[in-house]
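**Q** I'd like to ask some things about the structure below.
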Amino acid sequence: MLDLGRLRALHAVAVHGTVGAAAAALGYTPSAVSQQIAKLERETHTTLLERQGRGVRLTDEAHQLAATAQTLLSIVEEAEVRLEERRGLPTGRLAIGCFASAARGLMPGALAELAARHPSLDARLTEVDPHVSIDLVARGVIDLAVAHDWDIAPMATPPGVEQAVIGDDLCDILVPREHPLSARSSVRREELADERWISQPPGTVCHDWLIRTLRATGYEPRIVHQAEENPTQVALVAAGLGIALVPRLGRGALPPEVTPVRLDPVPMRRLRALWRTGAARRPAIRETVRTLQELWPRVASSAT
């Protein structure tokens, strides 16, 4: 009889690509994941992982077993959904994936409220990029994702994934205090052609929005600095090194060296919760989404 926990460990390595990433997703140590897979190799009399440089690769047999594990984990999830549905209360583990600024500005309050109201619910947060989190939901690696999209780049969800809107996050242009635009109440996109931009790296949702939006006004944006974290972008603006488009959620208080200016029309990104259709009946999913939607107005008003 194959052990489900060991199959789960192998499946996590297949999904995340490394033992370390699988351990982080499961809440284990890398050595614990390695031990689980070593035991599975002994049970199956099969080599499942082979060394490849500093990492590992799955053998053909491991890929077949991981695909079987995906089927079994889906069956287990359905059984858990039915039990939780019968109880009518949010219980069990809920794995949540969330992008950085929402993990900082929205999720602490939401997780605290869920813990206070539902002590039997074990909600666990992992910070992931929005592009990645949707795929993780579809593959059953996480139960719920908090992601975002922009008006010119709407989110595409795969079959079997449902979503609900949490709220809209407004964005401002941040400029150094001595910048000529700092005295303006608003600015149009066409006026920013000669600016030096600070942006997130290519491949991120925010970077893609900035490039596509500014190109639509007829010029190529001059991106001089790239930083993943919004606080780092704010620090670069404060140093007078450029301007940045930064959402309000999770931005925190601005230093005196930085001035927010409204961009006309105001850019906005829409926050969404996503989950698998098969898990839609889980009280844990419904209650978490409801908590996020109820909390959002308070978070949004405090971020202005």
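**Q** Lys/Arg Cβ at +1, Asp/Glu Cβ at -1, dipole of the chain taken about the Cα centre: which of V205, L271, N230 is farthest positive-ward?
**A** L271
**Q** Report, in deg cm²/dmol and to the nearest 500, the calculated mean residue ellipticity at 222 nm for the chain, where each DSSP H run with n ≥ 4 adds -39500 (n - 2.57) and the sum is divided by the residue count. Could the numbers behind the result be given before it?
**A** On the way: 10 runs with 131 residues, N = 304.
Computed ellipticity for the chain at 222 nm equals -13500 deg cm²/dmol.
**Q** Please list, in order along the range 101-117, the HN-Hα scalar couplings obtained from phi with the Karplus expression 6.51 cos²θ - 1.76 cosθ + 1.60 (θ = phi - 60°), rounded to whole Hz, x for Gly and Pro.
**A** 5, 6, 4, 8, x, 10, 5, x, x, 5, 5, 5, 5, 5, 5, 6, 8
**Q** On to the next question. What ratio of Cα Rg to 2.2 N^0.38 Å holds for the range 86-201? Walk me through the numbers before you get to the answer.
**A** Values: Rg = 18.9 Å, N = 116, 2.2 N^0.38 = 13.4 Å.
Relative to the 2.2 N^0.38 Å estimate, the range 86-201 comes out at 1.41.
**Q** If one computes the Cα centroid of the range 79-152 and of the range 9-25, what distance in Å separates the two points?
**A** One Cα centre to the other: 19 Å.
**Q** Between the helical axis of 30-44 and the dominant principal axis of the chain, each derived from Cα atoms, what acute angle in degrees is found, rounded to the nearest 10?
**A** The two axes meet at around 30 degrees.
**Q** Taking percent of Cα pairs over 36 Å apart as the quantity of interest, determine which of (1) 20; (2) 29; (3) 24 was computed from the displayed structure.
**A** Derived directly from the coordinates: (2).
**Q** If you don't mind, there's one more thing I want to ask. Name the residues whose placed amide hydrogens come within less than 5 Å of the amide hydrogen of I223, ignoring near sequence neighbours (fewer than 5 apart) on the same chain.
**A** Result for I223 returns W197.
**Q** What does the charge count near P201 come to, summing +1 for each Lys or Arg and -1 for each Asp or Glu among other residues with Cβ under 15 Å from its Cβ? All intermediate terms of the calculation are to be shown ahead of the outcome.
**A** Values: positive: none; negative: D129, D208, E228, E229.
Its environment carries a net charge of -4.
**Q** Per residue, how much accessible area does the range 16-91 have with a 1.4 Å probe, in Å²? Let's see the in-between values first.
**A** Values: 4780 Å² over 76 residues.
With all protein chains present, the range 16-91 gives 63 Å² per residue.
**Q** Follow-up. With axes computed from alpha carbons, what is the tilt in degrees of helix 60-87 against the longest principal axis of the chain, rounded to the nearest 10 within 0 to 90?
**A** Taking Cα atoms only, the helix is inclined about 80 degrees.
**Q** Taking a cut-off of 23 Å, what percent of all Cα-Cα pairs in the range 1-124 are separated by more than that? List each step's numbers first, then the result.
**A** Working: 3307 of 7626 pairs.
Tail fraction, whole percent: 43.
**Q** Report the FRET efficiency, 1/(1 + (r/R0)^6), for A183 and E78, where r is their Cβ-Cβ distance and R0 is 41 Å, rounded to 0.05.
**A** Details: r = 60 Å, r/R0 = 1.46.
After rounding, the FRET efficiency stands at 0.10.
**Q** So which GluC sites (Glu not before Pro) in the range 89-179 are both in a DSSP loop and have at most 10 other Cβ atoms within 10 Å of their Cβ?
**A** Numbers: sites: E113, E127, E162, E178; in loops: E178.
Counting only loop positions with at most 10 other Cβ atoms within 10 Å, the GluC sites (Glu not before Pro) in the range 89-179 are E178.
**Q** With only Lys, Arg, Asp and Glu charged, each at its Cβ (+1 for the first two, -1 for the last two), find how big the charge dipole of the chain is about the Cα centre; round to the nearest 20 debye. Can you show the working numbers first?
**A** Details: 35 positive and 36 negative charges, 88 e Å.
It works out to roughly 420 debye.
**Q** Here is a follow-up. Using the beta-carbon distance between E43 and R124 and R0 = 22 Å, what value does 1/(1 + (r/R0)^6) give for FRET efficiency, to the nearest 0.05? Mind dumping the intermediate values first?
**A** Details: r = 28 Å, r/R0 = 1.26.
Between E43 and R124 the formula returns 0.20.
**Q** Which of G92, I173, P158 sits farthest toward the positive end of the charge dipole of the range 60-201, with +1 on the Cβ of Lys and Arg and -1 on the Cβ of Asp and Glu?
**A** G92
**Q** Let me ask you something else. Order 47-58, 25-36, 92-103 from most to least packed using the mean count of other Cβ atoms within 10 Å. Before the final figure, lay out the partial values.
**A** Numbers: 47-58: 12.5, 25-36: 17.0, 92-103: 22.2.
Final packing ranking: 92-103, 25-36, 47-58.
The values are calculated or read from the model by the stated rules, or taken from the named source; none is laboratory data. Note that this is a predicted model, so its numbers are computed, not measured. Cβ coordinates were reconstructed from backbone atoms using ideal geometry, including for glycine residues, and neighbour counts include every protein chain displayed. Please note that ligands, DNA and RNA were not included when accessible areas were found on the heavy atoms of the full protein model with its side chains. Shrake-Rupley method; radii C 1.70, N 1.55, O 1.52, S 1.80 Å.
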